[in-house]
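The values are calculated or read from the model by the stated rules, or taken from the named source; none is laboratory data. Keep in mind it's a predicted model, so treat the numbers as computed, not measured. Don't worry about glycine lacking a Cβ; one is built from the backbone with ideal geometry, like all the others, and counts go over all protein chains shown.
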Amino acid sequence: MTNLNPVERPFQVTFLGWLFIVVGTVSAGYHLFKNPFDRWTIPIMLVGIIAVVAGAFLLRGARWSCWLLVVWLAFHVVISAFNSFSDAIVHFALLLVIGYFLVGPPTSKYFRRAQPQ
């Protein structure tokens, strides 16, 4: 697998890419083994798989993966709001911080250079 971007990848991109790969894998595995016959297992596993795929493509320099992860986090803000207000606030804070690192400087320069000319 070759990197789409010859420019050195910022630490934030590497850290967040691997973080989402691990979180997605652990989440999908946990819910699969916790109750494999629950009606919510497949949708929850798909959400975990999306995190893994987006994290992998983030490491490869695909700009769309940044936005997919921002949408993934926003989805978690909405879902956690159904559970409790404090969970929603925590997820919203994560959305703001991680969103900044995904679309703000210096990662925006990295992803801009990753686009084919």
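Data overview
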read-out	value
Complete set of residues in the range 14-35 that are modelled with pLDDT of 95 or more and of a type in the set (A, V, I, L, M)	L16, L19, I21, V22, V23, V26
Residue within the range 69-77 that is touching a Gly at 6+ places or on another chain (Cβ under 7 Å) and surrounded by fewer than 18 Cβ atoms within 10 Å (Cβ to Cβ) present	yes
Cβ-Cβ under 8 Å pairs, at least 6 apart or on other chains, the range 82-107 side closer than 28 Å to W64 by Cβ, far side outside any helix (DSSP H, G or I)	P106/P10; T107/P10
Complete set of residues in the range 50-63 that are out of contact with any helix residue (DSSP H, G or I) (no Cβ under 6 Å at 6 or more places or on another chain) and modelled with pLDDT under 95	R60, A62
Subset of the range 78-117 [among the hydroxyl-bearing types (S, T, Y) and surrounded by 12 or more Cβ atoms within 10 Å (Cβ to Cβ)]	S80, Y100, T107, S108, Y110
Failed criterion for R39 (all others in (1) assigned to a helix (DSSP H, G or I); (2) without any contact (Cβ under 8 Å) to a residue 24 or more places away in the chain hold)	(1)
Count - residues of the range 58-81 that are more than 10 Å from the chain's Cα centre (by Cα), within 30 Å of Y110 (Cα to Cα) and free of Cβ contacts under 8 Å to residues at least 40 places away in the same chain	6
